[in-house]
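The values are calculated or read from the model by the stated rules, or taken from the named source; none is laboratory data. Please read all numbers here as calculations on a predicted model, not as lab measurements. Positions of Cβ are backbone-derived with ideal geometry, glycine not excepted, and every protein chain shown enters the neighbour counts. Keep in mind that these areas ignore ligands, DNA and RNA; they rest on the heavy atoms of the full protein, side chains included. Shrake-Rupley method; radii C 1.70, N 1.55, O 1.52, S 1.80 Å.
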Amino acid sequence: MEFFITLLVVSDIVILSLLAYGWQRRDQPIGRLFTYTMGCLLIWVSFKIFEYLSLSLSIKLFWANISFIGIALLPVFWLLVVIEYTNKQQQWKPYQPWLFVVPAISNLLVWTNGWHHWWRGVPSIDAANPAFLLIDYDYQFAFYIHALHGYLLFILSVILLVQKMRVTKSIYRHQITLLLISTSLPIISDTLYVFGLSPIPHLNFTPIIFSFSGILLTIALFRHQFLELMPVA
């Protein structure tokens, strides 16, 4: 457990560094969207640390609910970054507000779960892993709708990037390749978690995978000047 928490703390530091980099370029649309994306990821990872360190179920669920604010919005802002990067702003402008509908409803359901139990049935601490004190969330149908929505947005991001790669000069393909890898790895990791195939039951490695994705993005940011060198339509 201590090793896993250490990995999460390291992830936090990486994400915070990326957020600071984006904040310095917030006057650019893609820099601002990138900052929002890293902010969502920072919320996810930071409050997951609090959740894992807490001992009681009620406190763990409280931190999990706050963490979910970042989780729900992350796919939306990630897609918006890709839309900006691939110069699809005008085509997507009428639809962008609708991307926030499912995250808003999901967060409402998370915080009101005690009334309807559409998000979690009867969550409990998994006694099979006393060293980890992990929650068995007992997810219900609303959670899987949220998960499907997030996967669709990430898959759409991949599709837009692949389309862009096909018509982009080689100087930018390194950037797109890094983005494709950094997008695909968390999808794979989170899918394993959602379908109960995580190596440790009820433990989601996706926040750490996202930090690795952040390292790939850092290479694009600092070595290839990602926010300054964007493919021109």
Next item on the list: Filter the range 6-37 down to the residues that are of a type in the set (D, E, K, R) and out of contact with any helix residue (DSSP H, G or I) (no Cβ under 7 Å at 6 or more places or on another chain), then identify the one that is modelled with the lowest pLDDT.
Entry: ASP27
Margin query: Need the failing condition index for GLU51 against (1) without any contact (Cβ under 8 Å) to a residue 24 or more places away in the chain; (2) open to solvent by less than 50 Å² (accessible area, probe 1.4 Å); (3) among the charged types (D, E, K, R), just the number.
Written below: (1)
Item checked: Subset of the range 1-38 (residues that are free of Cβ contacts under 8 Å to residues at least 40 places away in the same chain, of a type outside the set (Phe, Trp, Tyr), open to solvent by 20 Å² or more (accessible area, probe 1.4 Å) and within 18 Å of TRP78 (Cβ to Cβ)) -> LEU16, LEU19, ARG26, ARG32
Item checked: Evaluation of LEU55 against (1) under 30 Å from ARG25 (Cβ atoms); (2) outside any helix (DSSP H, G or I) (one fails), failing number -> (1)
Next item on the list: Take the range 117-161 and flag every residue that is open to solvent by 40 Å² or more (accessible area, probe 1.4 Å) and charged (D, E, K, R).
Entry: ASP136, ASP138
